[in-house]
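Notes follow once the structure below has been shown.
The values are calculated or read from the model by the stated rules, or taken from the named source; none is laboratory data. From a predicted model like this one, the values you see are computed outputs, not experimental measurements. Cβ: placed from backbone, ideal geometry, glycine included. Neighbour counts: every protein chain shown.
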Amino acid sequence: MSDTVFELQGGAAIELRLDDLSQLFDPFDPFPIPTRDLARSAEEFIVGWARELPRDQAFRIVVHVSQDETKGSAAAGLAGALRRHFSYRAERMSGDLHEMFRIGRVSLLIGLTVLGGCVLGGRLVSSAFGPGDVSSFFAEGLIILGWVANWRPIEIFLYDWWPLAQRRHLYLRLADAKVDVRAVRDRP
């Protein structure tokens, strides 16, 4: 058996050239091919190339295999297997997004509580020591600490969720991709 060669050829298509359709799937998954998980290397290849394709275009996945492979049940079930796999991945990304926002809300509650405590602490320090450099030093330090406590929730709500949302969208596009299984001429 020769090595698997993955390649992209032209337009908005992800093209894979395989010796055997089973190369797409995890060899340790005991289920039949239509319900098996994709092999990590196959998923990484497909997702990697999908990222390079235009975001506003639908794309297709073209799998080139031997003539014998195109006639089997694995070829007939390949589109469904890819759809199930990438739909599942999109659901997982949705769960990760919900979890991230939950953590962000809890972090924001904690951060705002710390900020409120620091503002009150700064006022207590100012009133206890009166005006001066020492009280200003501690009061300003507490205010800075309060804002730093809000760094993580701000980071979550402004930046961290974008990559997960983009990955989920990519998985949904992959789940909707048209899948073609084509025969290639046997190699000498």
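In this structure, residue 136 qualifies as farther than 25 Å from residue 22 by Cα and in contact with a helix residue (DSSP H, G or I) (Cβ under 8 Å, 6 or more places away or on another chain).
Given the criterion polar (S, T, N, Q) and surrounded by fewer than 14 Cβ atoms within 10 Å (Cβ to Cβ), identify the matching residue among 127, 107, 135.
Just one listed residue meets the conditions, 127.
Among the candidates 167, 89, 152, the residue that is more than 15 Å from the chain's Cα centre (by Cα) and either touching a residue at least 60 places away in the same chain (Cβ under 8 Å) or not assigned by TED's automatic domain parsing to the domain that holds residue 14 (or both) is uniquely 152. None of 107, 22 is within 28 Å of residue 160 (Cβ to Cβ), part of a helix (DSSP H, G or I) and touching a helix residue (DSSP H, G or I) at 6+ places or on another chain (Cβ under 9 Å) except 107.
When 44, 52 are checked against the criterion of being acidic (Asp, Glu), at pLDDT 80 or above and either more than 20 Å from residue 167 (Cα to Cα) or surrounded by 12 or more Cβ atoms within 10 Å (Cβ to Cβ) (or both), a single residue qualifies: 44.
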